[in-house]
């Protein structure tokens with residue numbers, strides 16, 4: 001009888017924990033659309049901070065565009081090296097919005113390694129604007 005009661009208690013506790021966690025919702029998520037153009041010799045890395053596992057990151061060695069999705073309030077940062085591989089953030093460029101809109105930025109890295117940040121689709125982008133889910 002005691003064994004049966006113990007099993008029922010374990011079953012009830014398990015169900016309580018499972019149903020209690022089922023309604024947990026994480027923080028709102030948002031998207032950063034990042035257009036990049038790099039004239040510098042090495043890839044330039046950008047990521048959302050705090051870093052996830054795996055990091056929401058992109059490296060530009062030429063023209064490109066990326067969609068980075070993460071918790072609203074996360075910062076988009078320019079990294080010195082590859083994020084998650086020892087690279088450290090060197091400059092914050094923007095913040096993931098929490099209102100369902102997308103943050104659209106462009107970054108241009110000059111041959112001397114300097115960075116120019118712009119808002120919206122850059123004039124140098126050829127083709128249609130990127131659409132992120």
Exercise. In percent, what relative contact order does region 29-119 have, based on Cα pairs under 8 Å that are 6 or more apart in sequence?
Worked result: 36 percent
Exercise. For the residues 33, 92, what sequence is obtained by ranking on other C-beta atoms within 10 Å, fewest first?
Worked result: 92, 33
Exercise. For residue 41 and residue 116 in one chain, what is 0.36 nm times their gap in residues minus the Cα-Cα distance, to one decimal in nm?
Worked result: 25.4 nm
Problem set entry | Set of region 68-89 residues, backbone N closer than 11 Å to the point 7 Å along the Cα-Cβ line of residue 101 | none
For this session: Find the percent of Cα-Cα distances in region 29-119 that exceed 18 Å, and round it to a whole number.
Result: 36 percent
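Laboratory data are not the source of any read-out in this text; all were calculated from the coordinates shown. Quantities reported herein were computed from a predicted structural model and do not represent experimental measurements. A quick note on method: Cβ atoms are made from the backbone with ideal geometry, for glycine too, and the neighbour counts reach across all protein chains shown.
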